[in-house]
Amino acid sequence: MSARQKTALITGVTGQDGSYLAELLLDKGYEVHGIKRRASLIKTDRVDHLYHDPHFKGLPFYLHYGDMTDSTNLIRIIQETQPNEIYNLAAQSHVQVSFESPEYTADVDAMGVLRLLEAIRILGMEKRTKFYQASTSELYGKVQEMPQNEDTPFYPRSPYAAAKLYAYWITKNYREAYDMYAVNGILFNHESPRRGETFVTRKITRAAVRIATGQQEKLFLGNLEAKRDWGHAKDYVRGMWLMLQQEEPEDMVLATGETTKVRDFCEMAFNHLGIELRWEGKGANEKGIVDSIDEEQFKAVTGQQFNNSTIQQDEVLIEVDSQYFRPTEVEVLLGDASKAREKLGWEVNYSIDELVKDMVEGDFAKIND
Ligand code: NDP
Ligand code: GDR
């Protein structure tokens, strides 16, 4: 079947990955359906550019109200849309929030996956619908091997990761028990200008722009020592699609193979705007301080003159706040995506420098909108 005749259903379509995946699939000629949640305010900013008034012809992109906690709703949407491919991206995806809402996280991130898989079976679609599960490098948690690949043992360190562990195994179980095409993409962190504002990379790039333009005084962060394998979401959604186009369903890691400290990500983001940082103090007392300002660099990136009254030499811009420490932390992640490179021909197009640049400039464009 050519992509032009295919229909995809994306849960979590209003999220970072869902929006990029919808673009990719529409570009490939798919009819794309997505599930959005009812909220008191409209939250479809990331896909508004794809959506069209149903009374006028436009892209074949359709949104349905739904929720991962409601089986009847999931069954009805799958029955109505008859997807060839389901991408399950919906989740309570914030690790720290999962410590505060553990039961809800389990309901959505673990039971929600079971509900979708059962819906496929109830409708007798297990031989004609391929299923992608958004698994995560958080499964490795308390890392026991470096780098991590498909054979590395799991050791979840949060209610989020524990819920995703169930989701991983139930996906694998349905593949083996019912001969379904169901795969886990074990994706390491991936970011973009569309990243949610409370994840650390976006929190940093947004704050760097706001501080440099005088709209925010300081940035408060948690563990500066944590290391993550950060890639660009655009590269990762391509990998998701490729995982559903294979002869055999297989679980695969997507990662860049490079790891960076939160502290270094901060330096890169501020440097891009011409602000050099130095660090003083240790642990919970550590501070990021302005070491120098390169006004030419600021102008080259923003097209605007640097305003000397916004930040000063030796000013404290970053402080550690222990409220952002997690009860159990994942200290370091570093992925080995050899299998995906070999079997899918998957490669990353964005380096960490290009990611930081895209995010900082994205935040600058947003505040000037
Ligand atoms: P986001 O948090 O940006 O998006 C999550 C999506 O899930 C949103 O559309 C959200 O809707 C939706 N959602 C949340 N709860 C429910 C619910 N109860 N019912 C229906 N929809 C719900 O996440 P990302 O795009 O970054 O991640 C996509 C998936 O990949 C997630 O499952 C995440 O856990 C996983 N993942 C992400 C990685 C990353 O680095 N980004 C790495 C590895 C895995 P709303 O907009 O209404 O909140
Ligand atoms: P993560 O992403 O937990 O890896 O989960 P996040 O950006 O939240 O944290 C990364 C690391 O930064 C440290 N950190 C802070 N984190 C946040 N959010 N806010 C802070 O102020 C802060 N200061 C330091 C954290 O402690 C952590 O070590 C993301 C999510 O997208 C998951 O859904 C996904 O499964 C994994 O990536 C792979």
Checked against (1) in contact with a strand residue (DSSP E or B) (Cβ under 8 Å, 6 or more places away or on another chain); (2) modelled with pLDDT of 95 or more; (3) among the hydrophobic types (A, V, I, L, M, F, W, C), Ala284 satisfies every condition except (2)
Would you be able to say whether some residue in the range 243-265 is over 13 Å from Val356 (Cβ atoms), of a type in the set (A, V, I, L, M, F, W, C), more than 14 Å from ligand 1 (Cβ to nearest atom) and at pLDDT 95 or above? yes
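With the range 154-249 as the region, which helices (runs of 4 or more DSSP H) entirely inside it contain at least 3 residues that are within 12 Å of ligand 2 (Cβ to nearest atom)?
On the way: elements: 159-178, 200-212, 233-243.
Those helices (runs of 4 or more DSSP H) span 159-178, 200-212.
Could you count how many residues in the range 118-140 are within 13 Å of ligand 1 (Cβ to nearest atom) and either closer than 24 Å to Gln245 by Cα or in a loop (DSSP other than H, G, I, E, B) (or both)?
Going residue by residue through the range 118-140, those that are within 13 Å of ligand 1 (Cβ to nearest atom) are 132-140.
So of that shortlist, the ones also either closer than 24 Å to Gln245 by Cα or in a loop (DSSP other than H, G, I, E, B) (or both) come out as 132-137, 140.
Adding up the residues that qualify gives 7.
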Check whether at least one residue in the range 126-146 is surrounded by 17 or more Cβ atoms within 10 Å (Cβ to Cβ) and acidic (Asp, Glu), and report yes or no. yes
Select, from Ser351, Ser292, the only residue that is closer than 23 Å to Lys261 by Cα, over 27 Å from the mean Cα position of the chain (by Cα), modelled with pLDDT of 95 or more and among the small types (Gly, Ala, Ser). Ser292
Kindly provide the set of residues from the range 167-176 that are within 20 Å of Gln144 (Cα to Cα) and in contact (Cβ under 8 Å) with a residue 12 or more places away in the chain, ordered by number. Tyr168
Among the candidates Phe325, Phe364, Phe270, Phe298, single out the residue that is within 16 Å of ligand 2 (Cβ to nearest atom), out of contact with any Asp or Glu (no Cβ under 8 Å at 6 or more places or on another chain) and touching a residue at least 40 places away in the same chain (Cβ under 8 Å). Phe325
Thr310 meets each of (1) within 22 Å of Phe220 (Cα to Cα); (2) among the polar types (S, T, N, Q); (3) at pLDDT 95 or above with one exception, condition (3)
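Out of all the residues in the range 45-90, which are within 16 Å of ligand 2 (Cβ to nearest atom) and of a type in the set (S, T, N, Q)?
Taking the range 45-90 first, the residues within 16 Å of ligand 2 (Cβ to nearest atom) are 46, 68, 87-90.
Of everything in the range 45-90, just one residue is within 16 Å of ligand 2 (Cβ to nearest atom) and of a type in the set (S, T, N, Q), namely Asn88.
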Could you grab me the full set of residues in the range 297-342 that are assigned to a helix (DSSP H, G or I) and under 30 Å from Glu138 (Cα atoms)? Ser322, Gln323, Tyr324, Ser338, Lys339, Ala340, Arg341, Glu342
For Val209, are the conditions met, namely being away from ligand 1 (no atom under 16 Å from the Cβ) and in contact with a helix residue (DSSP H, G or I) (Cβ under 9 Å, 6 or more places away or on another chain)? yes
So the check is Cβ under 7 Å with 6+ separation or different chains; which pairs have a first residue in the range 106-134 that's under 18 Å from Glu85 (Cβ atoms) and a second one that's of a type in the set (Ser, Thr, Tyr) and within 10 Å of ligand 1 (Cβ to nearest atom)? Gly112/Thr69; Tyr132/Tyr87
Checking His64 against (1) under 18 Å from Ile10 (Cβ atoms); (2) in contact (Cβ under 8 Å) with a residue 40 or more places away in the chain; (3) in contact with a helix residue (DSSP H, G or I) (Cβ under 8 Å, 6 or more places away or on another chain); (4) within 13 Å of ligand 1 (Cβ to nearest atom): exactly one of these is not met. Which one? (2)
Those residues that are exposed (fewer than 15 other Cβ atoms within 10 Å of the Cβ) and either part of a strand (DSSP E or B) or under 27 Å from the mean Cα position of the chain (by Cα) (or both), I need them from the range 274-289; list them, please. Glu276, Arg278, Glu280
Close pairs from the range 177-205: first touching a residue at least 60 places away in the same chain (Cβ under 8 Å), partner of a type in the set (Val, Ile, Thr) and part of a strand (DSSP E or B), Cβ under 6 Å, at least 6 apart: Ile186/Val253
Of Phe199, Phe220, the only residue that is surrounded by fewer than 22 Cβ atoms within 10 Å (Cβ to Cβ), within 16 Å of ligand 1 (Cβ to nearest atom) and aromatic (Phe, Trp, Tyr) is Phe199
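The values are calculated or read from the model by the stated rules, or taken from the named source; none is laboratory data. From a predicted model like this one, the values you see are computed outputs, not experimental measurements. Don't worry about glycine lacking a Cβ; one is built from the backbone with ideal geometry, like all the others, and counts go over all protein chains shown.
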